[in-house]
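Below is one structure, written out as structure tokens; the observations come after it.
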Amino acid sequence: MNKRVVTSGSGRERLIALLLVGIVVIAVWAWLSTFYPDYILPSPGAVARRAQELFRQGGLFTVHFRTTLVEALLGFLLGAGAALPLSYLLARHPRLDRLVTPVVVAIQAIPIVALAPLMVIWFGFGLTSKVIIAALTAFFPVLTNGVVGLRATDPRLKEMLKIMGAGKREIFFKLEVPSALPVLFGGFRMGLTLSVIGAVVGEFSGAGRGLGYLVYFARGTFDTALIFVALLALAVMGIGFYLLISWLEAVVMPWHKNKDR
Amino acid sequence: MGTVIEVNDVTLAFTAHCAPELDGINLVVDEGEFLCLVGPSGCGKSTLLRLIAGVLTPDRGEIKVFGEKKPLNWARLSFVPQDSLLLPWRKVIDNVLLPLELNGRPGDRGEWKVKAQAALHLVNLHGVEDKYPHQLSGGMRQRVALARALVSKAEILLLDEPFAALDALTRSQLHLEIMGIRQQAPFTGLMVTHNIFEAVFLADRVVVMGEKPGRILGEIKIDLPYPRELKLMSTPEFAALVGAVQDLLAKGWCTGHE
């Protein structure tokens with residue numbers, strides 16, 4: 001897991017620092033695990049063996065990791081895909097915003113954990129219910145950031161473009177969208193992370209596979225090492241998503257990346 | 001020389017209960033003239049510029065540019081704002097050609113680039129085409145804004161305190177450059193500033209405004225010969241003109257408190 005972060009890191013120092021932190025964490029973990037039985041805190045070795053076992057059975061990556069990954073990604077795409085056009089409408093029409101926002105806030109106030117069982121009853125034990133739960137969790141940060149981003153256009157830049165002869169369409173595509181991108185990507189980052197949580201919560205509520213299902217299943221059999229395997233796999237997925245968004249940011253907004261340096 | 005900008009009895013109030021932002025403004029700018037509007041901050045001189053640019057409409061009175069009341073496009077009237085207002089996600093060259101892109105047909109990009117390149121040369125910027133605005137100094141950004149205003153060879157340039165945020169040396173440099181540009185590619189200039197020295201140094205005529213309500217107090221003709229050099233600022237003639245502008249400004253303060 002540490003290796004993945006390291007390969008993405010830029011600069012030798014960062015790489016060494018990460019390696020050191022990784023070694024220290026594993027060492028402390030190994031030391032602590034000597035005080036507890038395996039069903040409380042399994043040693044790194046025990047977790048690695050459990051992962052290897054699962055891997056050899058062919059289940060870890062091909063079934064469980066992939067299931068959760070697909071659920072989270074599809075959920076994010078669905079949620080963000082629905083949120084973006086709505087955020088445009090809300091940013092454009094304040095009156096609609098006043099009508100819709102209370103509803104959005106009310107829906108958002110319902111914890112996704114409480115909503116998940118209902119989705120499983122409605123849409124079954126399979127992929128669909130998880131995608132919908134993940135979509136619901138990813139929807140709100142993308143919507144909120146979309147509205148905030150599209151409204152954050154500098155009015156002086158807008159006036160400048162008008163003087164230059166820009167029409168509404170040109171102001172939208174050449175000014176409002178690019179200036180919303182940094183905030184929008186913040187929403188994507190949050191939405192993608194939340195969609196993993198949504199997928200896992202969905203699997204808790206009823207599923208036959210996935211990393212969330214593994215945790216749920218392992219709890220029943222006190223297979224703590226398996227819980228750790230699933231958690232580490234989820235961490236890897238989270239890091240992967242983080243890197244994916246960072247890479248997309250660098251590709252879509254080269255000016256923004258330079259700004260940070 | 002004909003009249004290019006005509007402001008007739010223009011009044012504008014942002015809110016009903018305050019003194020009007022601008023009250024009964026009359027102003028005429030002739031072709032090829034460089035006119036500076038001087039006044040304290042809040043006297044509405046920037047507002048007057050935005051009215052002429054067509055982004056605001058007066059409550060009363062009328063504004064004619066080239067005899068027309070509707071706003072003109074960038075090819076005839078362009079604008080240099082105080083803090084450059086470049087698009088941060090566009091490289092310098094793409095910022096400069098933006099007015100052409102907004103008014104032209106797609107597919108002419110190569111031609112736009114050539115024009116943008118020429119405008120950048122006019123303001124003495126070389127080798128920064130592919131940089132982003134935040135990689136430039138304030139003075140360079142302001143030069144880019146100037147290049148953007150010059151790119152379509154507009155007949156009128158409106159300048160809204162274009163040098164206010166720059167250090168004194170960079171400012172002097174840009175003063176000389178703007179006079180150089182006027183010789184190479186003549187335009188009619190209307191510049192807002194609260195720097196009296198800058199106004200006297202650059203202008204053919206200085207119009208002094210007072211605040212609350214924004215109104216014109218008077219004007220001073222600047223009969224200093226061209227080309228002007230920086231040492232002109234230490235001559236008695238220059239000092240006398242600065243003094244005359246200051247007298248007009250002071251008159252505004254006295255009448256403002258009656």
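For region B:40-89, the set of residues classified as within 20 Å of B:Ala154 (Cα to Cα), crowded, with 21+ Cβ neighbours inside 10 Å and away from chain A (no Cβ under 14 Å) consists of B:Leu48, B:Ile63, listed by residue number. Look at (1) modelled with pLDDT of 90 or more; (2) more than 22 Å from the chain's Cα centre (by Cα); (3) farther than 22 Å from A:Leu192 by Cβ and you find that A:Leu90 fails only one, number (3).
Scanning region A:222-245 for residues that are over 17 Å from A:Leu69 (Cβ atoms) and in contact (Cβ under 8 Å) with a residue 40 or more places away in the chain yields A:Phe222, A:Asp223, A:Thr224, A:Ala225, A:Leu226, A:Phe228. The set of residues in region B:65-85 that are at pLDDT 85 or above and on the phi < 0 side of the Ramachandran plot comprises B:Val65, B:Leu77, B:Ser78, B:Phe79, B:Val80, B:Pro81, B:Gln82, B:Asp83.
I'd like the full set of residues that are within 27 Å of B:Asp223 (Cα to Cα) and modelled with pLDDT under 90, limited to region B:33-48. Scanning region B:33-48 gives B:Gly39, B:Pro40, B:Ser41, B:Cys43, B:Gly44, B:Lys45, B:Ser46, B:Leu48.
Scanning region B:168-213 for residues that are over 23 Å from B:Val65 (Cα atoms), basic (Lys, Arg) and touching a residue at least 60 places away in the same chain (Cβ under 8 Å) yields a single hit, B:Lys212.
When you check A:Val142 against the structure, is it away from chain B (no Cβ under 14 Å), of a type outside the set (Asp, Glu), in a helix (DSSP H, G or I) and crowded, with 24+ Cβ neighbours inside 10 Å, yes or no? Against the criterion (away from chain B (no Cβ under 14 Å), of a type outside the set (Asp, Glu), in a helix (DSSP H, G or I) and crowded, with 24+ Cβ neighbours inside 10 Å), A:Val142 qualifies.
Examine region A:190-203 for a residue that is more than 30 Å from A:Ile40 (Cβ to Cβ), of a type outside the set (Ser, Thr, Tyr) and within 13 Å of another protein chain (Cβ to nearest Cβ), and state whether such a residue exists. No, there is no match, as no residue in region A:190-203 is more than 30 Å from A:Ile40 (Cβ to Cβ), of a type outside the set (Ser, Thr, Tyr) and within 13 Å of another protein chain (Cβ to nearest Cβ). Take A:Leu175 and tell me if it is assigned to a helix (DSSP H, G or I), within 10 Å of another protein chain (Cβ to nearest Cβ) and touching a helix residue (DSSP H, G or I) at 6+ places or on another chain (Cβ under 6 Å). So A:Leu175 passes the test. Residue pairs whose Cβ atoms lie under 7 Å apart, separated by 6 or more positions or on different chains, with the first residue in region B:124-144 and surrounded by fewer than 15 Cβ atoms within 10 Å (Cβ to Cβ) and the second in a loop (DSSP other than H, G, I, E, B), are B:Asp130/B:Lys91; B:His134/B:Pro88; B:Gly138/B:Ala165; B:Gly138/B:Leu166. You will find that of A:Leu232, A:Leu150, A:Leu161, the residue that is away from chain B (no Cβ under 13 Å), at pLDDT 90 or above, buried (at least 19 other Cβ atoms within 10 Å of the Cβ) and touching a helix residue (DSSP H, G or I) at 6+ places or on another chain (Cβ under 9 Å) is A:Leu150 and no other. Comparison of A:Ala207, A:Ala166 shows that the only residue that is assigned to a loop (DSSP other than H, G, I, E, B), within 11 Å of chain B (Cβ to nearest Cβ) and over 19 Å from the mean Cα position of the chain (by Cα) is A:Ala166.
Residue-wise test of (1) touching a Leu at 6+ places or on another chain (Cβ under 7 Å); (2) of a type in the set (Lys, Arg).
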{"position": "B:Asn195", "(1), (2)": "no, no"}
{"position": "B:Ala199", "(1), (2)": "no, no"}
{"position": "B:Asp204", "(1), (2)": "yes, no"}
{"position": "B:Arg215", "(1), (2)": "no, yes"}
{"position": "B:Glu219", "(1), (2)": "no, no"}
{"position": "B:Asp223", "(1), (2)": "no, no"}
{"position": "B:Leu232", "(1), (2)": "yes, no"}
{"position": "B:Pro236", "(1), (2)": "no, no"}
{"position": "B:Ala240", "(1), (2)": "no, no"}
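Filtered by the rule that a residue be charged (D, E, K, R) and either under 25 Å from A:Asn145 (Cα atoms) or modelled with pLDDT of 95 or more (or both), region A:54-87 gives a lone residue, A:Glu71. Being over 15 Å from A:Ala218 (Cβ atoms), of a type outside the set (Ser, Thr, Tyr) and in contact with a helix residue (DSSP H, G or I) (Cβ under 6 Å, 6 or more places away or on another chain) is a description that applies to A:Pro44.
The values are calculated or read from the model by the stated rules, or taken from the named source; none is laboratory data. Note that the structure is predicted; figures quoted are calculated from it, not measured. Quick reminder, even Gly has a Cβ in these numbers, built from the backbone with ideal geometry, and neighbours come from all protein chains shown.
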